[in-house]
Amino acid sequence: MLQNVLLEREIYASEEHKMMQKMIQDFINNEIIDYVDQWEKDGMVSREIWERAGALGLLCIDIPEQYGGSGLDFSYNALFIEEMAKEGINGPGFSLHSDIVAPYILKYGTEAQKQKYLPLMATGKMITSLGMTEPNCGSDLQAIQTSAVDKGDYYLVNGQKTFITNGYMSDMSIVAVKTNSGTEKEGVSLLIMESISEGFEKGIPFKKIGMKAQDTCELFFDNVKVPKENLLGEEGLGFKIMMKELPRERLSVALNAIGGAEGAIEKTIEYTSTRTAFNQPIAGFQNTQFKLAECATQLQVHQAFIDRCTQLLSDHKLTAESASMAKYSATDMHGKVVDECLQLFGGYGYMWDFPIARMYADNRVARIYAGTNEIMKLLIARGLFKELFQQMKAKQKK
């Protein structure tokens, strides 16, 4: 019903996209939906679902075939993100694995690193995470305290990370560390750290408001020896690398918001069309019609912008400012849509057995991770006043 009023999205209009969409929907319906309750009780998904996604070619979709990926463009990754979000599937951290960690390896890794890690990631036999956030350091990545001391042919790593998606199940993590502390060369570097390393420990998965099937936890490093060949990119350039890759991460969050909003509206249309009150369907009331009309309009407007951003990313032209606009605006929209939809479910909307309740709890965090929406506004403003800020800095130096 929702598709009757939305314009067809050209970005997903090819026959290849439609075939992929059907495969993803079958994968969700046949191999995920029935296991969500158990995964939520366990606090994590099964390793089998990772390997099944890998076997279907749904992991590392835009990684070149020579490294085990499907060699498609990012629009197929985007389609997978949206289809998962439509059904409120947040347990398997496929997107972080494929859309954030894999590009780090592909763009900045040595040939040996690419050959070692990417094929395993594409099959789902290796699960990965990204270690940036620390207990006293969230959005300010330059303030990290996890240290890596140069010991000749290896780094000695000490510290901890928190709120790590895929953390408990991860076999490998790209970890941001401080190198050359206290010297002129002090800076942030990235290390590829395998969880089997001595001194690498994982905390018990957090009990969260939502995303209960997602194994988010802390990582602890106690004198972990990391071989020098596990340095990702150049020493001291980790912060610049992270800044370059954050637009893709933020667009991925925006795509999840688009899919989630569409799924919420679809489920609410279905519910209000069959649920009756005062001898008529709830959808027969003008308030219901107006609320869903508003939600559908906001979804349509954001779809157009996010589709444009997706194309720009595929063309390597997406700016940090546009990605920030996409992330903050789409997640704000998503939160408002889900809230309106839950209201239309009445008391049942507050019951965990109804998908809208899970959507409400699961997606609140989207306005926090990948940089809070307040930080997104700050980044946008910096772009708007770039020349002014440069002039102010020049005056301060004088």
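The values are calculated or read from the model by the stated rules, or taken from the named source; none is laboratory data. None of the values given here were measured: they were computed from a predicted structure. For neighbour counting, all protein chains shown are included, and Cβ atoms are generated from backbone atoms with ideal geometry for every residue, glycine included.
Looking at segment 102-120, which of its residues are touching a residue at least 60 places away in the same chain (Cβ under 8 Å), over 19 Å from the mean Cα position of the chain (by Cα), surrounded by fewer than 18 Cβ atoms within 10 Å (Cβ to Cβ) and in a helix (DSSP H, G or I)?
Of everything in segment 102-120, just one residue is touching a residue at least 60 places away in the same chain (Cβ under 8 Å), over 19 Å from the mean Cα position of the chain (by Cα), surrounded by fewer than 18 Cβ atoms within 10 Å (Cβ to Cβ) and in a helix (DSSP H, G or I), namely Ala112.
Taking the criterion of being closer than 24 Å to Thr128 by Cα, without any contact (Cβ under 8 Å) to a residue 12 or more places away in the chain and in a helix (DSSP H, G or I), would at least one residue in segment 231-241 satisfy it?
Yes: segment 231-241 contains one or more residues that are closer than 24 Å to Thr128 by Cα, without any contact (Cβ under 8 Å) to a residue 12 or more places away in the chain and in a helix (DSSP H, G or I).
Collect the residues in segment 226-242 that are surrounded by fewer than 19 Cβ atoms within 10 Å (Cβ to Cβ) and within 21 Å of the chain's Cα centre (by Cα), keeping them in residue-number order.
Passing the criteria: Phe239, Lys240.
For segment 43-75, name all the residues that are of a type in the set (S, T, N, Q), closer than 20 Å to Phe27 by Cα and more than 18 Å from the chain's Cα centre (by Cα).
Ser46, Ser70
State yes or no: is Ala254 within 25 Å of the chain's Cα centre (by Cα), part of a helix (DSSP H, G or I), surrounded by 24 or more Cβ atoms within 10 Å (Cβ to Cβ) and touching a residue at least 60 places away in the same chain (Cβ under 8 Å)?
yes
Could you list all residues from segment 211-225 that are of a type outside the set (Asp, Glu) and crowded, with 19+ Cβ neighbours inside 10 Å?
Scanning segment 211-225 gives Met211, Lys212, Ala213, Gln214, Thr216, Cys217, Leu219, Phe221, Val224.
Within segment 339-353, identify whether any single residue is at pLDDT below 95, surrounded by fewer than 18 Cβ atoms within 10 Å (Cβ to Cβ) and not hydrophobic (A, V, I, L, M, F, W, C), and answer yes or no.
yes
Could you tell me how many of the residues in segment 322-355 are in a helix (DSSP H, G or I), more than 18 Å from the chain's Cα centre (by Cα) and of a type outside the set (Gly, Ala, Ser)?
12
Of the residues Ala366, Ala370, which single one is touching a helix residue (DSSP H, G or I) at 6+ places or on another chain (Cβ under 6 Å), outside the structural domain of Lys212 (by TED's automatic domain parsing), surrounded by 17 or more Cβ atoms within 10 Å (Cβ to Cβ) and not in a helix (DSSP H, G or I)?
Ala370
Tell me the residue from Tyr168, Tyr155 that is of a type in the set (Ser, Thr, Tyr), assigned to a loop (DSSP other than H, G, I, E, B), touching a residue at least 40 places away in the same chain (Cβ under 8 Å) and not assigned by TED's automatic domain parsing to the domain that holds Asp99, please.
Result: Tyr168 is the single residue among Tyr168, Tyr155 that is of a type in the set (Ser, Thr, Tyr), assigned to a loop (DSSP other than H, G, I, E, B), touching a residue at least 40 places away in the same chain (Cβ under 8 Å) and not assigned by TED's automatic domain parsing to the domain that holds Asp99.
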